[in-house]
1. Of Phe37, Pro24, Val78, which is farthest on the positive side of the dipole of the chain, counting Cα position, with +1 on Lys and Arg Cβ, -1 on Asp and Glu Cβ, and the Cα centre as origin?
2. As a footprinting exposure proxy, order Lys31, Lys23, Lys50 by other Cβ within 10 Å, with the fewest listed first.
3. Quick check: pseudo-label points 7 Å beyond the Cα along Cα→Cβ at Arg49 and Ala102, how many nm apart are they?
4. Can you give the calculated 222 nm mean residue ellipticity of the chain, where each DSSP H run of n ≥ 4 adds -39,500 (n - 2.57) and the sum is split over every residue, rounded to the nearest 500 deg cm²/dmol?
5. Mind checking the dipole of the chain: about its Cα centre, +1 per Lys or Arg Cβ, -1 per Asp or Glu Cβ, Debye to the nearest 20?
6. Would you mind counting up the charge near Ile18? Only other residues with Cβ under 12 Å from its Cβ, with Lys and Arg at +1 and Asp and Glu at -1.
7. Once a ≥ b ≥ c are taken as the square roots of the eigenvalues of the Cα gyration tensor of the chain, is the result rounded (a/c under 1.5), prolate (a/b larger than b/c) or oblate (a/b not larger than b/c)?
8. Packing-wise, with mean Cβ within 10 Å as the measure, how do 33-43, 59-69 rank, highest first?
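FYI, it's all coordinate maths here, none of it is from the lab. Keep in mind that what you see is a predicted model, and the values were worked out from it rather than measured. Heads up, the Cβs are rebuilt from the backbone with ideal geometry, glycines too, and the neighbour counts pull from every protein chain shown.
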Amino acid sequence: MPGARNYFCSIEVALDCINGKWKPTIVYRLKGGALRFTALRRQVPGASRKVFTEQLRQLQADGLVERIELDDEVPRGVSYGLTPVAQALLPALQLLHDWGIAHARRRRLHLRLLDEQADNEDVP
């Protein structure tokens, strides 16, 4: 969690919060609203359940993701949503998303998108 060490650049602070292979993807996948664990997990198919759960908990500890109790369901369920802090990060993640698509095209990399913009279409 940020604050326990000395930082020498603001980029270090930002990256410390989203450092982890799946953290930026988890935050990006929640941009459309809160999701239940299973639905969110399906949006990050490359992550093992263990690592996904660890990184989701770290995002909660850093104040980027909130756990929402669903009291109106039986049995009681939970979903996960973005905090205002994470909402402020979305424009930067959108830029990374757009850059990633362009870079995949330049390098002719196989990229299978799962988001609403290109729902399950391959990017040439």
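1. Checking the options against the dipole of the chain, the answer is Pro24.
2. Exposure proxy ranking, most exposed first: Lys50, Lys31, Lys23.
3. 4.0 nm
4. Details: 5 runs with 59 residues, N = 124.
Computed mean residue ellipticity for the chain: -14500 deg cm²/dmol.
5. Numbers: 18 positive and 15 negative charges, 126 e Å.
Dipole of the chain, to the nearest 20 debye: 600 debye.
6. Neighbourhood net charge equals -1.
7. Because a/c hits 1.5 or more and a/b fails to exceed b/c, the chain counts as oblate.
8. Top to bottom by mean Cβ count within 10 Å: 59-69, 33-43.
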